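Q: Provided herewith is a single structure, encoded as structure tokens, for subsequent inquiry.
The values are calculated or read from the model by the stated rules, or taken from the named source; none is laboratory data. Model, not experiment: these values are computed from the prediction. Counting neighbours? That spans all protein chains shown, and the Cβs are built from the backbone with ideal geometry, glycine included. Areas reflect the complete protein model, heavy atoms only, side chains present, ligands, DNA and RNA absent. Shrake-Rupley method; radii C 1.70, N 1.55, O 1.52, S 1.80 Å.
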Amino acid sequence: MAEGQTQSKGLEGIVIADTRLSRVQGDIGRLTYTGYDIYDLAEHASFEEITFLLWYGELPTTKQLKRFQGTLNEFMTLPAPVVNAMKSYPVNAHPMAVLRTAVSALGLHDPAAEDNSQDANYRKAMHLTAKIPTIIAAWARIRSGKEPLAPRDDLNLAANFLYMLHGREPEQVEVNAVNVYLVLLADHGMNASTFTSRVVTSTDGDLYSAVTAAIGSLKGPKHGGANEAAMRMFREVSKASSVETWFKNEVKEKGRRIMGIGHRVYKTPDPRAVILKQHAEALCKAREKCGLLDVANKLADLAAADAYFQERKLFPNVDYYSAIVLDAIGIESDMMTPLFAMSRIAGWSAHIIEQWQDNRLIRPRGNYIGPESQTWIPISERED
Ligand SMILES: CC(C)(COP(=O)(O)OP(=O)(O)OC[C@H]1O[C@@H](n2cnc3c(N)ncnc32)[C@H](O)[C@@H]1OP(=O)(O)O)[C@@H](O)C(=O)NCCC(=O)NCCS
């Protein structure tokens with residue numbers, strides 16, 4: 001490596017920007033949004049309030065929130081060509097791939113797509129925050145042969161999503177669970193998808209491109225895709241002769257990772273997992289359906305008691321118990337990561353707007369380890 005250069009695999013420990021949005025203190029398990037503790041926010045806030053907080057730096061007044069909510073409701077309807085295009089997608093397409101494509105398509109129908117002014121970016125952020133729930137619910141219906149439902153103007157975002165998904169009046173317990181989930185996942189420091197959105201923005205790229213790229217980044221099972229992977233794993237474990245046997249065979253002998261465990265920053269329990277575990281327990285009791293929660297708890301206990309997990313400080317992360325919560329309210333496994341995006345759009349947009357305020361191209365270096373000084377060989381002289 002050339003003098004003066006440092007390398008950090010996976011950019012571990014590298015700080016790439018100042019941010020006023022959220023703070024992740026992995027050593028003490030604390031998460032705050034603009035200084036508000038996540039425990040307080042999970043108990044009191046609506047997703048709309050949190051989105052306003054992240055975008056404008058302060059909690060909204062009643063009047064501001066009403067106006068904000070009204071604009072979101074107004075923007076929820078999808079352009080007809082986007083819905084028609086979705087009807088032509090293969091029914092077995094992954095919902096995250098559908099979301100990524102539909103968000104990109106929304107840019108085609110927005111005359112202000114290429115306008116990178118702050119006003120235009122706030123407006124685009126509002127459109128995407130409003131429309132992502134409609135896309136997810138529409139795809140759930142389209143792939144099962146049903147007609148998508150139009151959003152209602154009397155419901156908040158969480159309730160509207162559930163209404164458009166299930167086609168019935170949502171129960172309050174479901175609305176509360178989706179709301180708390182959305183609040184908890186709205187922002188999380190310089191995570192991979194947020195970083196992706198800032199990298200695209202740093203090229204003076206437009207907001208649709210930045211969010212489309214962020215969705216692609218979130219989809220992977222080491223990031224947002226972990227909730228779906230955790231749910232599939234819980235189902236697999238529940239079919240094994242016992243959780244102990246599965247842990248011994250799959251984790252200890254085959255070296256498989258437990259999905260939903262471990263984190264780059266948290267070396268103590270993830271506070272979002274602590275909160276979601278409580279919600280998972282309450283929901284399972286209320287619904288008298290606790291099978292997968294028991295499996296998840298047993299597996300987490302086995303990991304917690306194991307020296308390998310202890311030495312590496314590996315604890316359940318947000319995706320572990322969110323899978324149980326979302327499953328309890330009838331969200332299909334492959335729809336779980338799209339719900340993550342439905343929340344994180346608040347944080348992505350806030351980071352994109354923040355990046356614009358002090359933008360410089362993000363362009364790291366690679367340490368070249370390939371051959372030096374090769375001599376060109378004409379194709380006729382190369383051996384097959
Ligand atoms: C989140 C995650 C990608 C963090 O990765 P990271 O900071 O790069 O950490 P590494 O992949 O280098 O892992 C560090 C060590 O812990 C182990 N480890 C990490 N997560 C593990 C898991 N879920 N199960 C078993 N071992 C795990 C690794 O094997 C590695 O062990 P080693 O030091 O012997 O090689 C990783 O913990 C993971 O893959 N977790 C499962 C997927 C997940 O839940 N993702 C959602 C994150 S919110």
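Q: Can you give the accessible area of Val318 in Å² (nearest 10), computed on protein heavy atoms with a 1.4 Å probe?
A: My reading of the accessible area for Val318 is about 10 Å².
Q: Net charge within 13 Å of Ala186 by Cβ-Cβ distance, Lys/Arg positive one each and Asp/Glu negative one each, not counting Ala186 itself?
A: Once all neighbours under 13 Å are counted, the net charge is -1.
Q: What distance in nm lies between label points placed 7 Å from Cα along the C-beta direction at Leu108 and Glu58?
A: 4.2
Q: Per residue, what accessible area does the chain have, given a 1.4 Å probe and all protein chains present, in Å²?
A: Dividing the accessible area of the chain by its residue count gives 49 Å².
Q: Provide the gained length on full extension for the span Thr245 to Asp358, in nm with one decimal, where the gain is 0.36 nm per separating residue minus the Cα-Cα distance.
A: Length difference between fully extended and current span is 35.4 nm.
Q: Taking 0.36 nm per intervening residue step and subtracting the Cα-Cα distance, what contour gain separates Asp294 from Thr375 on full extension?
A: Length gained between Asp294 and Thr375: 22.9 nm.
Q: Which value, in debye to the nearest 20, describes the size of the charge dipole of region 55-162 about its Cα centre when Lys and Arg Cβ atoms bear +1, Asp and Glu Cβ atoms bear -1, and nothing else is charged?
A: 360
Q: Select from region 20-102 those GluC sites (Glu not before Pro) which occupy a DSSP coil region and have at most 15 other Cβ atoms within 10 Å, ordered by residue number.
A: Here the sparse-neighbourhood loop sites are Glu58.
Q: Net charge near Arg152, counting Lys/Arg +1 and Asp/Glu -1 over other residues with Cβ under 14 Å of its Cβ?
A: -3
Q: Taking the simple approach of a point 7 Å from Cα along Cα-to-Cβ for both Arg67 and His44, what is their distance in nm?
A: 2.3
Q: If you don't mind, another one. Mind checking the full-extension length gain between Leu149 and Ala307? Use 0.36 nm per residue of separation minus the Cα-Cα distance, one decimal, nm. Please report the intermediate quantities before stating the final value.
A: Working: separation 158, 0.36 × 158 = 56.88 nm, distance 5.05 nm.
That pair, Leu149 and Ala307, stretches by 51.8 nm at full extension.
Q: Follow-up. Taking a 1.4 Å probe, which of Arg382, Arg100 shows the most accessible area, and what order do the others take after it?
A: Putting Arg382, Arg100 in descending order of accessible area: Arg382, Arg100.
Q: How large, in percent, is the carbon and sulfur part of the accessible surface of the chain at a probe radius of 1.4 Å?
A: 50
Q: Give me the distance between the Cα centres of region 103-124 and region 318-384, rounded to whole Å.
A: So the separation of the two Cα centres works out to 22 Å.
Q: Averaged across orientations, what area in nm² does the convex hull of the alpha carbons in region 226-328 project?
A: Convex hull of Cα atoms, orientation-averaged projection: 5.9 nm².
Q: Would you calculate the separation in nanometres between label points at Arg20 and Val91, each defined as 7 Å from the Cα along the Cα-to-beta-carbon direction?
A: Those two pseudo-labels are separated by 5.0 nm.
Q: For Lys285, give me every one of the lysines with a C-alpha distance below 27 angstrom, ignoring sequence neighbours fewer than eight places off in its own chain.
A: Straight-distance partners of Lys285: Lys239, Lys277, Lys298.
Q: Could you please tell me the mean projected area of the C-alpha convex hull for the chain, averaged over all directions and given in square nanometres to one decimal?
A: Its average projected convex-hull area is 24.5 nm².
Q: Continuing with the same structure: Name the residue farthest towards the positive end of the dipole of region 226-328 from the options His279, Val251, Val325, assuming +1 on Cβ of Lys and Arg, -1 on Cβ of Asp and Glu, about the Cα centre.
A: Of the options given, the answer is Val251.
Q: Follow-up. At a probe radius of 1.4 Å, what is the per-residue accessible area of Asp358, in Å² to the nearest 10?
A: Per-residue accessible area (Asp358): approximately 130 Å².
Q: Still on this model: Could you tell me which helices of the chain pass both thresholds, a Cα extent of 18 Å or more along their own axis and a mean Kyte-Doolittle hydropathy of at least 1.0, with helices taken as whole DSSP H runs?
A: Values: long enough: 62-75 (20 Å, -1.06); 95-108 (20 Å, 1.36); 118-142 (35 Å, -0.05); 172-185 (20 Å, 1.35); 226-239 (20 Å, -0.57); 271-287 (24 Å, -0.15); 291-304 (20 Å, 0.84); 336-357 (32 Å, 0.23).
Both cut-offs are met by 95-108, 172-185.
Q: Please give the FRET efficiency for Gln172 paired with Glu332, using the beta carbon to beta carbon distance and R0 = 30 Å, rounded to the nearest 0.05.
A: Working: r = 22 Å, r/R0 = 0.72.
About 0.85, to the nearest 0.05.
Q: If you don't mind, there's one more thing I want to ask. Please work out the FRET efficiency for the pair Gln118 and Ser238, using the Cβ-Cβ distance as r and a Förster radius of 45 Å; give the result to the nearest 0.05.
A: Given R0 = 45 Å and the Cβ-Cβ separation, E is 0.35.
Q: Now, a different point. Would you please give the FRET efficiency between Arg382 and Gln7, computed as 1/(1 + (r/R0)^6) with r the Cβ-Cβ distance and R0 = 41 Å, to the nearest 0.05?
A: The formula returns an efficiency of 0.75 here.
Q: Counting pairs of alpha carbon atoms under 8 Å apart in space and at least six apart in sequence, what relative contact order in percent does the chain give?
A: Values: 520 pairs, mean separation 90.6, N = 384.
After rounding, I find 24 percent.
Q: Leaving ligands, DNA and RNA out of it, work out the accessible area of Asp301 with a 1.4 Å probe and give it in Å² to the nearest 10.
A: Looks like 100 Å² after rounding.
Q: Hey, quick one: spin label on Asn156, modelled 7 Å out along Cα-Cβ, who in region 60-92 has an amide N within reach, i.e. under 19 Å?
A: 60-76
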